[in-house]
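First comes the structure, then the notes that go with it.
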Amino acid sequence: MFDMKKRLSVLLAAMIFMLLLGGCASKEEQKDLSSDNKEEKLKIGMCFDSFVIERWQRDRDIFVQAAKELGAEVNIQNANGVVEEQIRQIDYFIKKDMDVIVIVCIDSDALSESVKDAKDAGIKVIAYDRLINNADIDLYISFDNEMVGTLMGEALVDNGLFGGKVIMVGGSPSDNNVSLVENAFLDVMDRNGVEVLDSTHCDGWRAELAADYIFDNKDLVNECDAIMCGNDNVASQVVNALAVQRLAGKIMVTGQDADLEACQRIVEGTQLMTVYKPVEKLAKRAAECAVALASGEELEGTDIGVIDNGKIDVPYVKLEPIMVTKDNMDETIISSGFHLKDEVYLNVK
Ligand code: BGC
């Protein structure tokens, strides 16, 4: 009896051991398989400032899709406008041993150390849409931000601002694009005898600050012919605040991004213009460059120039922005499929 019990338990132990052995072996195999996959796939980490502005979701979706088609996998992080969080997220990507980190920086002057850490770890870094200053980045890819400012200025002058008065409500002062846009805008104002009554900024691109400004500066607002807004989200707050004072449509307003609501305001007559930046081109080209850099290839293309970021001459892919007014809404926004005609003309009979 005792012998029988002993034999049975030895048999049971042997069976369990074999089962365990089988389980282990298959885990090992799995591990091998997944590490093989890992070796094949290039790893891209992408850090966003935030997704509050309509365009960035489009940037993300197109970039991820394009990178996927090129055989890379993309991990997305969103810092919700907090610089320290963005630095932590870059650090996380360094620890995760990404091949490339693509960054929409919150503060163009705050990432020198993070970029250095990434580069020391052999990771390539791309500044997406906004330049990162004083850092050894591998690429800056963006739209021509100076041209954005020029187009805003020219649209106003073409619509009678010559010798008039303008207020500037710009974006985040820590975004390098903002000074590029504003300086080019100021050049056009200068050449056309336009007086700048005042200039203010929305820290962190917080557009609600623009509405506060309009309510707090009623006299200046009454005196101006135009308000240059840093983007369409800022323009949205400005136009709402103007509407409360029955001034919407009477003061010319500019923007950028071609947000749907901005395009609606343009055809309705409460915003003069926006600047359309075909984000699809930017995101696809950035994905191509990210994969090339991750594979150790040289960047190639006639669209590559250089820009000085205070430390090095950074390879710079510069795309062309397009002015959009009521007159060319259909040829630009509708025919490219950026927005649907029905949506843009929703409130216009
Ligand atoms: C971009 C704009 C955008 C703004 C706020 C800028 O750096 O160039 O397209 O509207 O950031 O997110």
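The values are calculated or read from the model by the stated rules, or taken from the named source; none is laboratory data. Given the structure is predicted, the values throughout are model-derived calculations rather than measurements. In this analysis, Cβ positions are derived from the backbone assuming ideal geometry, glycine residues included, and neighbour counts consider all displayed protein chains. Ligands, DNA and RNA are stripped out before the accessible areas are found, and what is left, the full protein with its side chains, is counted by its heavy atoms. Shrake-Rupley method; radii C 1.70, N 1.55, O 1.52, S 1.80 Å.
Judged by the gyration tensor of its Cα atoms, with axes a ≥ b ≥ c, the range 266-347 is prolate; a/c meets the 1.5 cut and a/b is the larger of a/b and b/c. Normalised by residue number, the volume inside the convex hull of the Cα atoms of the range 110-230 is 100 Å³ per residue.
Amide H contacts of residue 137: none lie under 5 Å away among residues 5 or more positions distant or on a separate chain (H built 1.01 Å from N in the peptide plane; Pro and chain starts excluded). Among the listed pairs 43/281; 96/311; 43/116, a Cα-Cα separation exceeding 25 Å is found for 96/311. Ligands, DNA and RNA left out, the 1.4 Å accessible surface of the range 172-228 is 40% carbon and sulfur atoms.
A cut-off of 5 Å between modelled amide H atoms, ignoring neighbours fewer than 5 places along the same chain, links residue 102 with 45, 46, 47, 126. Converting phi to 3J(HN,Hα) with the Karplus coefficients 6.51, -1.76 and 1.60 and the offset θ = phi - 60°, the range 333-340 yields 6, 6, 5, 7, x, 5, 9, 7 Hz in sequence order, with x at every glycine or proline.
Under 5 Å from the amide H of residue 200 lie the amide H atoms of 168, 169, 170, each residue being 5 or more positions distant or on a separate chain, with H modelled from the backbone and absent for Pro and chain starts.
By the helix-only formula, in which each DSSP H run with n ≥ 4 contributes -39500 (n - 2.57) and the sum is divided by residues, the chain has a 222 nm mean residue ellipticity of -15000 deg cm²/dmol.
Would you mind counting up the charge near residue 136? Only other residues with Cβ under 14 Å from its Cβ, with Lys and Arg at +1 and Asp and Glu at -1.
Its environment carries a net charge of -2.
Suppose the chain between residue 298 and residue 117 were pulled fully straight at 0.36 nm per residue; how much longer would it get relative to their current alpha carbon spacing?
63.0 nm
Restricting the GluC sites (Glu not before Pro) of the range 240-320 to loop positions (DSSP other than H, G, I, E, B) with no more than 15 neighbouring Cβ atoms within 10 Å leaves 297, 298, 300. In order along the range 233-246, the Karplus-derived 3J(HN,Hα) couplings, from 6.51 cos²θ - 1.76 cosθ + 1.60 at θ = phi - 60°, round to 5, 5, 4, 4, 5, 5, 5, 4, 5, 5, 4, 4, 9, 6 Hz, and Gly and Pro are given as x.
A 1.4 Å probe over all protein chains sorts 58, 191, 130 by accessible area into 191, 58, 130, starting with the largest. For a paramagnetic label modelled on residue 240 (point 7 Å from Cα along Cα→Cβ), amide N atoms under 14 Å away belong, within the range 258-284, to 261-262. Grab every C-alpha pair in the range 256-304, bin the distances at 10 angstrom width from 0 up to the longest one, and report whole percents. Computed distribution, short to long bins: 23, 32, 19, 18, 7, 0.
The listed residues 242, 299 rank as 299, 242 when sorted by accessible area, largest first, using a 1.4 Å probe. Straightening the chain between residue 281 and residue 165 buys 38.2 nm, computed as 0.36 nm per residue apart minus the Cα-Cα spacing. Give the shape of the range 70-123 as rounded, prolate or oblate, defined through the alpha-carbon gyration tensor: a ≥ b ≥ c are the square roots of its eigenvalues, a/c under 1.5 means rounded, and otherwise the shape is prolate if a/b is larger than b/c and oblate if not. Note, shape of the range 70-123 comes out oblate.
For the range 197-349, the relative contact order is 19 percent, taking Cα pairs closer than 8 Å that sit 6 or more residues apart in sequence and dividing their mean separation by the residue count. Annotation for the range 60-127: trypsin sites (Lys or Arg not before Pro) lying in DSSP loop with at most 15 further Cβ atoms inside 10 Å of their Cβ are 96. Give me the percent of Cα-Cα pairs in the chain that sit more than 26 Å apart, rounded to a whole number. Value for the chain: 55 percent of Cα pairs lie more than 26 Å apart. On a per residue basis, the range 255-349 carries 49 Å² of accessible surface, using protein heavy atoms and a 1.4 Å probe. Using C-alpha pairs below 8 Å separated by at least 6 residues, the relative contact order for the chain is 17 percent. Anyone know which of 89, 245, 256 comes out most mobile in the 10 Å Cα GNM of the chain? Its mean-square fluctuation being the largest, the pick is 245. Counting only alpha carbon atoms, the long axis of helix 83-95 and the longest principal axis of the chain meet at about 30°. Across the range 273-285, rounded Karplus estimates of 3J(HN,Hα) from the backbone phi angles (6.51 cos²θ - 1.76 cosθ + 1.60, θ = phi - 60°) give 7, 9, 10, 8, 10, x, 4, 4, 5, 4, 5, 5, 5 Hz, Gly and Pro being marked x. The solvent-accessible area of residue 302, taken with every protein chain present and a 1.4 Å probe, is close to 150 Å².
Here the chain is scanned for chymotrypsin sites (Phe, Trp or Tyr not before Pro) in DSSP loops (not H, G, I, E, B) that have at most 14 other Cβ atoms within 10 Å, and the longest stretch holding none of them is 163-349.
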